[in-house]
There are 2 protein chains.
Amino acid sequence: MRVKIVSTGRHLPERIETAADLAPRLGVTEDWILSRTGVARRHVSSESMAEMGARAARQALGDGPPPDLFINASGVPHQVLPDSSVYIAEALGFAGIPCFSIHATCLSFPVALHNIGALIAAGAYRRVLIVSSELGTRGRNYDEPESASLFGDGAGAAVVEPTPEGEQSAILGFELSTFPKGAGFTEVRGGGTRLHPQDPRTTPADNLFHMDGPGIYRMAVRRVPPVFNRLFARTGVDRSRVKFVITHQASGPAVTVVEKFGFRPETIVRRVEEEGNCVAASIPMTLAWVHQAGSLERGDLVVLCGTGAGLSILTMLLRW
Amino acid sequence: MRVKIVSTGRHLPERIETAADLAPRLGVTEDWILSRTGVARRHVSSESMAEMGARAARQALGDGPPPDLFINASGVPHQVLPDSSVYIAEALGFAGIPCFSIHATCLSFPVALHNIGALIAAGAYRRVLIVSSELGTRGRNYDEPESASLFGDGAGAAVVEPTPEGEQSAILGFELSTFPKGAGFTEVRGGGTRLHPQDPRTTPADNLFHMDGPGIYRMAVRRVPPVFNRLFARTGVDRSRVKFVITHQASGPAVTVVEKFGFRPETIVRRVEEEGNCVAASIPMTLAWVHQAGSLERGDLVVLCGTGAGLSILTMLLRW
């Protein structure tokens, strides 16, 4: 699919909460947080996900024209109805621009990017904005210190256009696999019709994030390698040629484990120490960080990858 | 986009609740409900949206092979994380099939169909399952009789494949416009990070459906005609040639008003009296009803259309 990410945006709220700040609230030490999760600090927002998303979007849109399609690719919504795209669009002053949401948990951004690649290739749109914006800290369960010390708030955005004649930017490959046997590993059980907020059976913990880290790890080490192997077999690309691996910043150990899948350690971008796990915003925020640091050159091979609640596994190869 | 809906599925729960059954709970009469909403009866589920969705999906899949992609296109989730596709996939026994959700409120099904058209055209997938499943009755606010008497439960599904050589099935046109000024007309304000279930400011009504029917009507009569006009101008098709108009079954008056947009009354399919407003499931349930009645022939022109929370307006033209 001949599409090009023409610009990126990211927003981090001003207020920083360190592992030392958070530790007493969780009844653990700063060292415990650092050794388990690798998250030294996170940013915490006083704004809504829509306002944060609009900030990242404005940076990505810059002085360019408005998009002809906008997709929200966040894991947790602003509210149940309408979908969150509408509230980000409202904050951006859009009127009439088509909007909807793609929800693939922490992998929403690359899934949306793949859909956009197909829509642009089909000639349906010519300038598409994607935004992922997350208030991960609002779903923390303080009785579950390991998951509660992971999350941060933030937003990432990108603008995608058809690749101009003579240029090489493209989505070269995309692989997604979902194993519902892992659905219970990462959950917010409330908020929908299963355990409605008004249902007397719904407990406070049901409305907060729950994670079984070892369960994810055991499933992922077995299920991830074939997904990478399919990506590189189908594209015919050697993974040693990849310049940057933008993985979901799930946790310190989760980013480190990507080394096992045949990538050189220096290609794996780490933001988790500084920003925590920003749910679906992690991938676009990390991509925007690399892009805005000036490290990406057109033609570079970039992998987007990660595991998400589901359990879903995604690998995607871009030529920048 | 050369894609073909090869099969459809629909599920209606067994238990029926009539306007007469519901009226006392709302403090209104049966006639009041019938005249305002046109909903004579609705089906009410004791199963989850995932179980209902799986029933409709099994009917659509029939004896065929499993899909290579599954998209949940429902307006209200089973729970916040993972997205609902995972739970429908789990009920279907899928393992490894890629899954995600597209959320465009009541218009989720046609938006997903358009995405699928592009993905299939790009060669990314060859057999895609879409399911919309809704428990609208769980979000009813009994203090708001007009909206509370609209909703029903149900699920619809379809399987989409590339159009074989020599056949003409296609998505001929697609138009979507979103006007966030209308966001407050149709809302469930709770369930996300805006008014989190645990937030002391969240009221019970925030977790239930709220609708400003006159507000939607005023915006829709002004905003819908240009969207239809664009569809028929761009496709070059005369709307008198459309055989079936499958509109979102928002309410009796909302279905009737489609006559104003230049379609012959006998082409507008009405299921709202029997099934109520099944949120995003209305469009695929209505499409499946027409298809399973044997009324659709290959080559027929079919319009999918509706307004959804946002306010979003969608029109789509298919050659069956």
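General observations
- Karplus-based coupling profile of segment A:298-307, in residue order and whole Hz: 4, x, 4, 8, 10, 9, 9, 7, x, 10, with θ = phi - 60° in 6.51 cos²θ - 1.76 cosθ + 1.60 and x standing for Gly or Pro.
- Dividing the Cα radius of gyration of segment B:173-240 by its Kirkwood radius returns 1.19 for Rg/Rh.
- Accessible area of segment A:3-162 belonging to carbon and sulfur atoms, whole % at 1.4 Å probe: 47 percent
- In the protein assembly as shown, lysine pairs with alpha-carbon atoms under 30 angstrom apart (chain gap of 8 or more, or interchain): 9
- Segment A:120-134-segment B:115-130 distance, computed between alpha-carbon centres (Å): 17 Å
- Semi-axes of the equivalent ellipsoid for chain A, Cα gyration tensor, largest first, Å: 29, 24, 19
- In plain terms, the chain from A:K181 to A:T256 could stretch by 24.6 nm, reckoned as 0.36 nm per residue minus the Cα-Cα distance.
- Within the shell of other residues whose beta carbon sits under 14 angstrom from the beta carbon of A:S108, the net charge comes to -3, with Lys and Arg scored +1 and Asp and Glu -1.
- Label geometry 7 Å along the beta-carbon vector: B:R2 inter-copy distances in nm: 1.9
- Amide H to amide H, with H built 1.01 Å from N, A:L81 comes under 5 Å of B:V188, counting only residues 5 or more places away or on other chains.
- Computed helical MRE - 222 nm, chain A, DSSP H runs ≥ 4 contributing -39500 (n - 2.57), nearest 500: -9000 deg cm²/dmol
- In the context of the full set of protein chains, chain A has a per residue accessible area of 34 Å² (1.4 Å probe).
- Listed residues B:G252, B:G299, B:G154, most fluctuating in chain B (Gaussian network, C-alpha, under 10 Å): B:G299
- P(r) tail fraction, segment A:3-162 - alpha-carbon pairs more than 22 Å apart, %: 44 percent
- About the Cα centre, charge dipole magnitude for segment A:129-283 (Lys/Arg +1, Asp/Glu -1 at Cβ), debye: 660 debye
- Listed residues A:L107, A:V3, A:A155: farthest to the positive end of the dipole of segment A:3-162 (Cβ charges): A:V3
- Dipole in debye (nearest 20) - segment A:21-75, about Cα centre, beta carbon charges: Lys, Arg +1; Asp, Glu -1: 160 debye
- Listed residues B:R42, B:R127, B:R264, most fluctuating in chain B (Gaussian network, C-alpha, under 10 Å): B:R264
- Protein heavy-atom surface of segment B:170-319, 1.4 angstrom probe: 53% of the accessible area is carbon and sulfur, with nucleic acids and ligands not counted.
- Averaged over the residues of peptide A:169-176, the number of Cβ atoms from other protein chains lying within 10 Å of each residue's Cβ is 2.
- Evaluated on segment B:170-319, the Kirkwood hydrodynamic radius is 16.5 Å, with distances taken between all distinct Cα atoms.
- Restricting attention to chain A, close to 70% of DSSP beta bridges with both partner residues there are antiparallel.
- Placing unit charges on the Cβ atoms of the charged side chains and taking the dipole of segment B:211-252 about its Cα centre, the candidate lying farthest along the positive direction among B:I216, B:S240, B:S251 is B:S240.
- Counting only other chain Cβ atoms within 10 Å of each residue's Cβ, the peptide A:310-317 averages 3.
- Packing-based order for A:87-96, B:184-193, B:72-81, A:62-71, using average beta carbon neighbours within 10 Å, highest first: B:72-81, B:184-193, A:87-96, A:62-71
- Size of electric dipole in the protein assembly as shown: Cβ of Lys, Arg +1 and of Asp, Glu -1, about Cα centre, debye, nearest 20: 1320 debye
- For A:Y217, label point 7 Å along C-beta direction: distances to other copies, nm: 6.1
- When each of the peptides A:47-53, B:8-14 is scored by how many other beta carbons lie within 10 Å of its residues on average, the order from highest to lowest is A:47-53, B:8-14.
- Remark: accessible area buried at the B-A interface is about 5300 Å², both chains counted, probe radius 1.4 Å.
- Rg/Rh for the protein assembly as shown, where both radii come from Cα atoms and Rh is the Kirkwood radius: 0.95
- Taken over segment A:58-99, the alpha-carbon convex hull comes to 77 cubic angstrom per residue.
- Average partner coverage of A:112-119, which counts Cβ from other chains inside 10 Å: 6
- Net +/- balance of residues flanking B:T186 in space, Cβ distance below 13 Å, scoring K and R +1, D and E -1: -3
The values are calculated or read from the model by the stated rules, or taken from the named source; none is laboratory data. Fair warning: this is a prediction, and the values are worked out from it, not measured in the lab. Neighbour counts run over all protein chains shown; Cβ positions are idealised from the backbone, glycine included. Surface accessibility is based on the protein's heavy atoms, side chains included, excluding ligands, DNA and RNA. Shrake-Rupley method; radii C 1.70, N 1.55, O 1.52, S 1.80 Å.
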